[in-house]
Each structure stands twice: as C-alpha cells, then as structure tokens.
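Accompanying notes for the structure given below.
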C-alpha cells in the first residue's frame, strides 16, 4: 500500500485509527458502565471464585467416586463439606471487604443526583407556598386588598 493510498484512507474518529475502505473493526470499544472494583475487593472476589471452583470440582469427584464405589469417595465427601465451609467464608469475605472499603473510603456523593434535586425543588415550592400564605394572612389582618394605595 503506497503513501497516497494511506492518505486517502478515512480515519476512524472515535478510535483515531486509519482504516481501509470496506474495513470493519472486530469490536468497538465502549466506556465501562460501572467503575471497577477496588483492589482489596477484587482480590477477595478472585480468591472466592477460585475456592468455589475447587469446591465444585471436589464435589463432582466425590460424586463420581461414590458412583464408582471407590475407597476415595468418603475422604472426598468429607473434604467437599470442609471446602463448602471455606467457600462460604470466601463469599462472606468479599461482602465484608466491600463493606469495610465503602466505610473507610466513603461512597462518592453526587450533589446533582435526581433525588436531591427533586427534594430541593419541593422544599423551595413549600417555602414559596408558606411565604404566600403568610403574605395573604398579613394582608387579611390589615384589611387591605393587597394593592398599593397610590395606584
């Protein structure tokens, strides 16, 4: 491909990549919808997934050994029970680690959240309604119509 051909190739605006006419990329990168997990939580989650995978393999081996009538069936069942306890601990570890991380580092508060803005609008409307009611009551007490005397 010559330099003249390269110059004529359209440039992909999103990726900044030169491409040939008729070329379609295999995938289009999109921004992540959620932020990635904090490192300690991710570590605990990976550890939990590995423990659960080993537990499931042990349970399957225990089941197959039981079907085959092997002497290994009983030790495998016992180790599967113990591994199930460890897997439960692993899942709880992920949950606790996540809670602790959120508590220590705080959850990012977004002041422009929809709920806050709605509450703010309702509060402002209530204040205006109360102010209008006070004004009407003040005018009623004075016996006036609410208009200036010189108009």
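Does the range 15-49 hold any residues that are modelled with pLDDT of 85 or more and either in contact with a strand residue (DSSP E or B) (Cβ under 6 Å, 6 or more places away or on another chain) or part of a helix (DSSP H, G or I) (or both), and which are they?
Listed by number, the residues that qualify are 39, 40, 41, 42, 43, 44, 45, 46, 47, 48, 49.
I need every pair where a residue in the range 55-79 that is at negative phi and modelled with pLDDT of 95 or more has its Cβ under 6 Å from the Cβ of a residue that is surrounded by 12 or more Cβ atoms within 10 Å (Cβ to Cβ) and not in a helix (DSSP H, G or I), sequence separation at least 6 or different chains.
What qualifies is 65/72.
What are the pairs, 6+ residues apart or on separate chains, where a residue within the range 13-41 that is closer than 30 Å to residue 96 by Cα has its Cβ under 7 Å from a residue that is at pLDDT 80 or above and surrounded by 10 or more Cβ atoms within 10 Å (Cβ to Cβ)?
As it stands, the answer is 37/45; 38/101; 40/97; 40/101; 41/94; 41/97; 41/98; 41/101, since those pairs meet every condition given.
Taking the options 48, 82, 73, name whichever one is surrounded by 17 or more Cβ atoms within 10 Å (Cβ to Cβ) and more than 30 Å from residue 36 (Cβ to Cβ).
Going through 48, 82, 73 in turn, the sole match is 73.
What's the number of the only condition in (1) within 21 Å of the chain's Cα centre (by Cα); (2) under 30 Å from residue 51 (Cα atoms); (3) modelled with pLDDT under 95 that residue 111 fails to meet?
Against the list (1) within 21 Å of the chain's Cα centre (by Cα); (2) under 30 Å from residue 51 (Cα atoms); (3) modelled with pLDDT under 95, residue 111 comes up short only on (2).
The values are calculated or read from the model by the stated rules, or taken from the named source; none is laboratory data. Since we're looking at a predicted model, the values are computed, not measured. Here Cβ is always computed from backbone atoms with ideal geometry, including for glycine, and neighbour counts include all displayed protein chains.
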